Amino acid sequence: MSSWGKTDVYTAAPLWALSYVNRKPVLTNMGPADSAGSNDLFENTAANDIITGITVGLFNYASSETQSGKIAHTGWVLKKTGSGGRANRDQYETLVCLTSNS
């Protein structure tokens with residue numbers, strides 16, 4: 001059985017991705033996506049929510065979103081955006097490559 005799914009919902013996200021941000025791999029730490037006052041990893045876009053000094057979130061990018069040249073592969077990608085001296089510097093790390101998001 002796979003540890004992740006293809007659909008773009010927090011319940012399909014790979015729970016083991018939480019170990020990249022030193023969080024316990026449980027569904028409540030993954031989502032639902034950015035509810036008020038939440039510091040969940042799935043589609044997080046709030047600075048300092050999970051790690052002080054950066055914005056970090058897990059996204060399921062479709063092939064149409066990888067055309068920018070910033071994202072190497074379709075699939076589950078950990079996105080980190082710096083702040084301060086590293087403001088607006090995005091780092092993308094593909095955790096799971098998918099051939100299709102459907």
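Derived scalar couplings between HN and Hα for segment 8-19 equal 8, 9, 4, 6, 9, 5, x, 4, 5, 4, 5, 5 Hz in order, rounded to whole Hz, by the Karplus curve 6.51 cos²θ - 1.76 cosθ + 1.60 (θ = phi - 60°), x for Gly and Pro. Scanning residues 5 or more positions from ILE51 or on other chains, those with amide H under 5 Å from its amide H are VAL56, with H placed 1.01 Å from N in the peptide plane.
Taking 0.36 nm per intervening residue step and subtracting the Cα-Cα distance, what contour gain separates THR81 from SER68 on full extension? Mind dumping the intermediate values first?
On the way: separation 13, 0.36 × 13 = 4.68 nm, distance 1.64 nm.
Gain in length upon complete extension: 3.0 nm.
Between amide H atoms placed 1.01 Å from N, distances below 5 Å from LEU95 occur with TRP76, VAL77, LEU78, all of them 5 or more places distant or on a separate chain.
Charges were assigned to the Cβ only: +1 to each Lys and Arg, -1 to each Asp and Glu. The resulting dipole of the chain about its Cα centre is roughly 260 debye.
Helix-only mean residue ellipticity at 222 nm, the chain, DSSP H runs n ≥ 4 weighted -39,500 (n - 2.57), per residue, nearest 500. What is it?
On the way: 1 runs with 4 residues, N = 102.
Roughly -500 deg cm²/dmol at 222 nm, from the helical runs in the chain.
Each residue of the chain gets 99 Å³ once the volume of the Cα convex hull is shared out per residue. Other residues lying with their Cβ under 9 Å from the Cβ of PHE59 contribute a combined charge of -2, Lys and Arg counting +1, Asp and Glu -1. Over the chain, Cα pairs under 8 Å with separation of 6+ residues give a relative contact order of 20 percent.
Computed from the coordinates by the stated procedures, all read-outs in this text should not be read as laboratory data. Quick caveat, the model's predicted, so the values are computed rather than measured. All Cβ positions, even for glycine, are placed from backbone atoms using ideal geometry, and neighbour counts span all protein chains on display.
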